[in-house]
Amino acid sequence: MADDDPASRSPAAWWFSSDVPGAEGPWGWRLDVVTLLAVIGESSIAEHTQTITASIFCLFPRIIPAPQAFLKPSRPPRLPETTAKMTGVHSGVVLDTVGFFANIIHPLDKLQPFSFQVLEITHTDRNNAGGIEVPGMLASRTTFFSKLRTRTKTSTDSPRMIGRTTLPRGPPSDHAKETRDTPTPNATYSTSNDVEAAAPAQGITRRMTMREKIQDFTANPTLINDSRRPAVPATLYSPVHVLAVFSVMLTASIIGFAAHYRDGTAILAVSLIAFASSVVGWASWWKPLLMKRSHTNKVPRGDVIIRTREGAFLLIKCTEEVARELYSGTEECEYHVSGQAYRALMGLGTCLLMVSVILLGNCKWNSQIFIGASYITLNGLYWAMGLLPKDYFWDLSRYCVKDVTPDVAKDAYKKTSDDPREGVPSYTRTLWYAIRETKRTAWVERSGAAPATPQWLKWLAEAEQAADQDEHWPSVARKDEIMKVDDDISRSPVAPEPARAFDEAEQKAPFTEVQPRDWRPGDGTL
């Protein structure tokens, strides 16, 4: 029939025909497998789903390999955590996981077995830290006398200032009471390890740079003038952002290439895929919500110690505000759309994806080559992005991290001498290093780092006493001596129990092992 002749079709029908001259490759070849290339690489994309959807760049219309990785029935309520035994040195809090951002600052998988490390983590800008009161300049006063009065005001006048930025704080320490009225030279204030020590005196507040403003807008765009930056936004030059811009340019190139060859099917397919990526990105768009203190009472320091399954110890010296944000608090995900809207957007994204996959199989030969090569390139780039450290993706400049590990403990995972006991790496020696640095042993019992047997309790008591007196206390040798006991030793000095045979199994340390990552049922984390 004449209607079946491609030459007799209208120009509009020519755009959506796959049997016209040039629509097929040499010898009738077709790349129908391009539909498979569009959905391959789900494991690489799933690794970066939360990072991709943490900024406004997830709304960019573009092609993404394996977009079905974003189509989930529910969203994770909080960030993924790493399994390790974490204990508050002063607070006594015991947890079985370490927060997401904390593991980025100090990756636990990089710690050597029986190693020991001490880190000091503080807020880079105390004006940006929770738990303090930061007086600000009065923007509403513009007269000469108002400016003069503002310059002559001291830190004692800060509670009566109108334009201040107020954050909850605890009562000042005794040292803060003595130095509160002391003039501060050069309009600065002295920083302290404890942000609760005192409210800072009037000083110079650094203005946000243009990069910081753009970075904060991509993480949480809003028209409200909020002087507090997001807690941990995605860095502006994150590899995810760079790849998102590249994908947008690549998508525009595919559409322009398809228009040149009058391939309307390819234009419609790529446009639907790009629109679907924006829809699912909007549904999963989120920002981190860190835990903050809700009371102003005075609390102990927030030092925490982390024990890995391999017997490594990591001591974190920090304030309670830092501990709440990174360790003892929960890192929740605050989404921009509700749960009901999320399900509706997921349904729309699924329909768009199914239609676009059908259209991809009917594109012309030249468009299939270009689309297939694009997906192969993007898959390779997303796979390579998984090789980069996670700190490339998040702006952790909010925290200042210093390695303050004592020199005598830096080589805890190495052989330090020819002594067969004290010179070789062992769990007991590393535990002694941790006790020597913390000057306490209560956290050892609470975390299960050592059994609560009379022998170990005696060793812990001697270790706590030696932490202040003998830096080179023979911990391993002393442990071996204490373990050589008679069967008549009582099990409890307070309430003696009937004597029983000495059991070596109850002397094993640690008392509580760190469980593998997948030992618990799914709890909503990635």
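Things to note:
- Restricting region 387-490 to GluC sites (Glu not before Pro) in coil, as DSSP defines it, with at most 13 other Cβ within 10 Å: GLU471
- The listed residues MET354, MET291, MET385, once ranked by accessible area (1.4 Å probe) with the largest placed first, stand as MET354, MET291, MET385.
- Counting only protein chain heavy atoms and rolling a 1.4 Å probe, the accessible areas of TYR335, TYR427, TYR327, TYR261 rank, largest first, as TYR261, TYR335, TYR427, TYR327.
- Segment ALA46-LEU388, extension gain: residue separation times 0.36 nm, minus the distance between their alpha carbons: 121.6 nm
- Region 423-486: C-alpha pair distances exceeding 15 Å, %: 45 percent
- Summed residue charge, Cβ within 14 Å of GLU445's Cβ, Lys/Arg positive, Asp/Glu negative: +4
- Distance in nm between pseudo-label sites at ALA442 and GLN469 (7 Å out along the Cβ direction from Cα): 2.2 nm
- Surface listing: HIS336, HIS106 arranged by accessible area from highest to lowest gives HIS336, HIS106, probe 1.4 Å.
- Relative packing of peptides 77-90, 395-408 - highest average C-beta neighbours within 10 Å first: 77-90, 395-408
- With each label modelled as a point 7 angstrom along the Cα→C-beta vector, the MET354-VAL94 pair spans 5.1 nm.
- Placing +1 on each Lys and Arg Cβ and -1 on each Asp and Glu Cβ, with no other charges, gives region 317-361 a dipole about its Cα centre of roughly 300 debye.
- Region 387-415 residues near the modelled GLU310 label - backbone nitrogen below 15 Å, point 7 Å along Cα→Cβ: 411-415
- Assuming charge only on the beta carbon of Lys and Arg (+1) and of Asp and Glu (-1), the dipole of region 41-117 about its Cα centre is about 160 debye to the nearest 20.
- Pairwise label distance in nanometres, VAL39 with THR416, each label 7 Å out on the Cα-Cβ vector: 5.8 nm
- Euclidean distance between Cα centres, region 398-412 to region 309-329, Å: 14 Å
- Accessible surface of THR377, taken over heavy atoms with a 1.4 Å probe and every protein chain present, rounds to 70 Å².
The values are calculated or read from the model by the stated rules, or taken from the named source; none is laboratory data. Owing to the predicted nature of the structure, the values given are computational and were not obtained by experimental measurement. Don't worry about glycine lacking a Cβ; one is built from the backbone with ideal geometry, like all the others, and counts go over all protein chains shown. Ligands, DNA and RNA are stripped out before the accessible areas are found, and what is left, the full protein with its side chains, is counted by its heavy atoms. Shrake-Rupley method; radii C 1.70, N 1.55, O 1.52, S 1.80 Å.
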